[in-house]
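A.B. asks: The structure under discussion is supplied below as structure tokens; questions concerning it will follow.
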Amino acid sequence: MTPGRRIDRVSERRHAGIGRVLIAVYAVLAIGATGRSFVQIVQRFDEAPLAYTLSAVAAVVYIVATVALAMQRSETARKVALAAVCFELAGVVVVGTLSLVAPELFGHPSVWSWFGIGYLFIPAVLPFLGLWWLRVSRERVAA
């Protein structure tokens with residue numbers, strides 16, 4: 001085995017580990033957002049229908065992103081993951097901005113309100129990490 005190939009394998013394992021952590025974070029957010037939206041919709045939907053619907057949308061996006069990122073070896077899964085992560089980024093930016101400039105629209109916080117403050121701003125950072133991972137893992141597969 002050549003020294004260069006050994007470094008490549010170490011790099012591949014490191015990147016694979018990072019990908020697993022990213023997928024795990026998406027899975028945790030998917031579970032958290034699903035649970036939160038389910039409870040909100042079942043118990044008090046009439047109090048803040050927009051916010052609770054947005055939490056449910058976020059849950060679906062996190063579920064789709066988790067599954068697609070986990071299966072990204074196929075080109076279709078990569079495209080689905082990219083679409084989900086881009087939608088997530090747009091949702092965080094739009095909902096985060098609206099929750100600051102027009103908080104009366106929501107009534108109660110959603111997953112993406114105030115750029116994910118209720119989730120330690122992870123929803124604001126996660127799409128950038130997802131996009132980075134899709135790029136890095138694509139380069140690794142192409143190499």
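Residue-by-condition table, conditions (1) modelled with pLDDT under 90; (2) exposed (fewer than 12 other Cβ atoms within 10 Å of the Cβ):
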position	(1), (2)
R14	yes, yes
V28	no, no
I31	no, no
V39	no, no
V42	no, yes
E47	no, yes
L50	no, no
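A.B. asks: In the range 92-105, which residue that is loosely packed, with under 12 Cβ neighbours inside 10 Å and in a helix (DSSP H, G or I) is farthest from the chain's Cα centre (by Cα)?
C.D. replies: My answer is E104.
A.B. asks: Name, by its number, the condition in (1) out of contact with any helix residue (DSSP H, G or I) (no Cβ under 6 Å at 6 or more places or on another chain); (2) assigned to a helix (DSSP H, G or I) that does not hold for L89.
C.D. replies: Only one criterion in (1) out of contact with any helix residue (DSSP H, G or I) (no Cβ under 6 Å at 6 or more places or on another chain); (2) assigned to a helix (DSSP H, G or I) is unmet by L89, namely (1).
A.B. asks: State all residues of the range 106-143 that are part of a helix (DSSP H, G or I), among the small types (G, A, S) and within 19 Å of the chain's Cα centre (by Cα); if no residue qualifies, say none.
C.D. replies: Hits for the range 106-143 are S113, G118, A124, G130, S137.
A.B. asks: Test of understanding: among W132, W112, which residue is of a type outside the set (K, R), touching a residue at least 24 places away in the same chain (Cβ under 8 Å) and closer than 20 Å to A27 by Cα?
C.D. replies: Going through W132, W112 in turn, just one is of a type outside the set (K, R), touching a residue at least 24 places away in the same chain (Cβ under 8 Å) and closer than 20 Å to A27 by Cα: W112.
A.B. asks: Name the one entry in G116, G130, G96, G91 that is small (G, A, S) and on the phi > 0 side of the Ramachandran plot. Don't jump to the end; show me each part of the working.
C.D. replies: Details: G130 fails: on the phi > 0 side of the Ramachandran plot; G96 fails: on the phi > 0 side of the Ramachandran plot; G91 fails: on the phi > 0 side of the Ramachandran plot.
So the residue among G116, G130, G96, G91 that is small (G, A, S) and on the phi > 0 side of the Ramachandran plot is G116.
A.B. asks: Within the range 57-82, track down each residue that is free of Cβ contacts under 8 Å to residues at least 12 places away in the same chain and over 17 Å from A24 (Cβ atoms).
C.D. replies: V60, S74, E75, T76, A77, K79
A.B. asks: To continue, here is another question. What are the residues in the range 40-79 that are outside any helix (DSSP H, G or I) and in contact with a Lys or Arg (Cβ under 6 Å, 6 or more places away or on another chain), if any?
C.D. replies: Result: Q72, single match.
The values are calculated or read from the model by the stated rules, or taken from the named source; none is laboratory data. Here the structure is a predicted model, which means the values were calculated and not measured. All Cβ positions, even for glycine, are placed from backbone atoms using ideal geometry, and neighbour counts span all protein chains on display.
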